[in-house]
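Participant: I am attaching a structure below and will ask some questions about it afterwards.
Every number in this text was worked out from the coordinates using simple rules, so none of it is lab data. Just so you know, these numbers come straight off a predicted model, no measurement behind them. Please note: Cβ atoms are built from the backbone with ideal geometry, for glycine as well, and neighbour counts cover all protein chains shown.
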DNA sequence: TGCCAGGCCGGGT
DNA sequence: ACCCGGCATGGC
């Protein structure tokens, strides 16, 4: 109904402006972040799994090991013994469980898309998201990272920093779910791959520098004191 | 030295 | 529907 849409459009635009204002401030302070730090869609997907609750520097070491051994491909990972895979990705931590998760992902990729990320990217975005979420070891953030950074799909990625920053600025409670945060962006902003890409990366950047779990450096934060 | 990092799963309430 | 323990390395 038209009346309903009019009523909803008011707070929606307020929130849109608020989110865009935050984006502009972050972009003005930090500039373009150039994410994802990975060469190919497949490398991005592997990185998305390896970086679960893990420092990116450690992930780079793990990916470096795979590259050095020429094992950074769906086929190679699929055919490699799980133990061997685990030892190569050891620097990323949680290496046993992550070896399983990578195996699950490449099994899906090979079975459904002949191991081709390009082919996977042609699938319907929403159906693909559900498929990714059904893979054991791929949750909402990992799925959305693969979609946005690996396949250029307009989905907003939520992470711990996004939650913390928005929470501290009173935009949304930390206790809200991943889907709550995701809806906030999808309802407020027009789908825009470029914007979503930079925005999430900027949340990580400002989070790392000014919004750690303890002793947040709010005074120097470009978003101001929260 | 301890704390933390770009989560997710499985079992229990 | 939440809540919690487990998973593990490397850098500061």
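Participant: Place a point 7 Å from the Cα of residue A:30 along the Cα-to-Cβ direction; which residues of segment A:144-184 have their backbone N under 17 Å from it?
Facilitator: Zone members listed by number: A:145, A:149, A:156-169.
Participant: Hey, what number do you get for chain A at 222 nm if only DSSP H runs of n ≥ 4 count, each worth -39500 (n - 2.57), divided across all residues, to the nearest 500?
Facilitator: -19500 deg cm²/dmol
Participant: Here's something else I'd like to know. Given an 8 Å cut-off on Cα distances and at least 6 residues of separation, report the relative contact order of segment A:1-122 as a percent.
Facilitator: 20
Participant: Where does helix A:2-30 land angle-wise versus the long Cα axis of chain A, in degrees 0 to 90, nearest 10?
Facilitator: 70
Participant: Can you give the translational diffusion coefficient of segment A:120-203 in µm²/s, computed by Stokes-Einstein from the Kirkwood radius over Cα pairs at 37 °C and 0.692 mPa s?
Facilitator: For the chosen part, D equals 249 µm²/s.
Participant: Over chain A, what is the relative contact order in whole percent, taking alpha-carbon pairs under 8 Å and six or more residues apart?
Facilitator: Answer for chain A is 22 percent.
Participant: Place a point 7 Å from the Cα of residue A:118 along the Cα-to-Cβ direction; which residues of segment A:16-41 have their backbone N under 13 Å from it?
Facilitator: Within reach of a label on residue A:118, which here means backbone N under 13 Å from a point 7 Å along Cα→Cβ, segment A:16-41 contributes A:41.
Participant: Follow-up. Taking the beta-carbon count within 10 Å as an exposure proxy, list A:51, A:162 from fewest neighbours to most.
Facilitator: Ordered from fewest to most neighbouring Cβ atoms within 10 Å, A:51, A:162 come out as A:51, A:162.
Participant: Based on the Cα gyration tensor of segment A:41-150, what are the three equivalent ellipsoid semi-axes, each the root of five times an eigenvalue, rounded to whole Å and given largest first?
Facilitator: After diagonalising the Cα gyration tensor, the semi-axes are 21, 15, 12 Å.
Participant: Mind checking the angle between helix A:56-68 and chain A's longest principal axis? C-alpha axes, 0 to 90 degrees, to the nearest 10.
Facilitator: The helix A:56-68 is inclined about 30 degrees to chain A.
Participant: Right, next: Once the mean 1/r over all distinct Cα pairs of chain A is inverted, what Kirkwood radius in angstroms do you read off?
Facilitator: Taking the inverse mean of 1/r over all distinct Cα pairs, chain A comes out at 18.7 Å.
Participant: Next question, about the same structure. Sort A:209, A:79 so the one with the fewest other Cβ atoms within 10 Å of its own Cβ comes first.
Facilitator: Taking fewest neighbouring Cβ atoms as first place, the list is A:79, A:209.
Participant: May I pose another question? Please arrange A:108, A:203, A:185 by counting, for each residue, the other beta carbons lying within 10 Å of its beta carbon, fewest first.
Facilitator: Sorted ascending by nearby Cβ count, the order is A:108, A:185, A:203.
Participant: Quick one: length gained pulling residue A:176 to residue A:83 fully straight, 0.36 nm per residue minus the C-alpha distance?
Facilitator: The span from residue A:176 to residue A:83 would gain 29.7 nm if fully extended.
Participant: Continuing with the same structure: Give me the number: length gained by fully extending residue A:53 to residue A:110, i.e. 0.36 nm times residue separation minus the C-alpha to C-alpha distance, one decimal in nm.
Facilitator: Once the chain is fully extended between residue A:53 and residue A:110, it gains 17.9 nm.
Participant: Over the Cα atoms of segment A:93-141, compute the convex hull volume and normalise it per residue, giving Å³.
Facilitator: Residue-normalised Cα hull volume stands at 78 Å³.
Participant: Report, in degrees rounded to the nearest 10, the 0 to 90 angle that the Cα long axis of helix A:178-188 makes with the longest principal axis of chain A.
Facilitator: Between the helix axis and the principal axis of chain A, the angle is about 50 degrees.
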